[in-house]
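A short write-up of the structure that comes next.
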Amino acid sequence: MNATIEKFGWPATLIAEFDHWLVLLRPAQPTLGSLVLAAKSDATAFGDLPGEAHAELKTVTAAVEAALAAAVDFRKINYLMLMMVDPHVHFHVIPRYDGSRSAVGLTITDAGWPGQPDLGAAVKPDSEMDSLRDWLKSHFDTEII
């Protein structure tokens, strides 16, 4: 796995794996259920990914959105491809909602709603990380994956 995937805590944060992509729990949660969608490739430019990785995004995003809809009942979803510090192709997936959502002992308010996500207000789960990962994993349809 590339250094960006490792920086986001793989394998401990792994939620789902596809041929070209990994879905990881985002260590800092600006909203409940925030994820990192990371390409397994060493590519540092989105356009450099193989065509198969682009095609697989249809399946991956459908699985992510179905899981997050079931888990946190989001109103919008933001895919942020920032890649300023971590160079390999990845998205920060931020489910958006009005108010707060709760699970596994955490309650997280979408501080930026209805504007841009407030990444600076992110909650950093500590003892809840494994429970949060497992809870989100349980919402992924293994038949889609």
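Some points to look at:
- Over the chain: helical MRE at 222 nm, DSSP H runs n ≥ 4 each giving -39500 (n - 2.57), nearest 500: -7500 deg cm²/dmol
- The chain: translational diffusion in µm²/s, Stokes-Einstein, Kirkwood Rh over Cα pairs, 10 °C, 1.306 mPa s: 104
- Qualifying trypsin sites (Lys or Arg not before Pro) for the stretch 1-87 [loop in DSSP, other Cβ within 10 Å: at most 16]: 75
- Cβ crowding within 10 Å, taken as a proxy for footprinting-reagent exposure, orders 106, 32 from fewest neighbours to most as 106, 32.
Each value in this text was obtained by applying a stated rule to the coordinates, not by laboratory testing. Quick caveat: nothing in here was measured; it's all calculated off a predicted structure. Don't worry about glycine lacking a Cβ; one is built from the backbone with ideal geometry, like all the others, and counts go over all protein chains shown.
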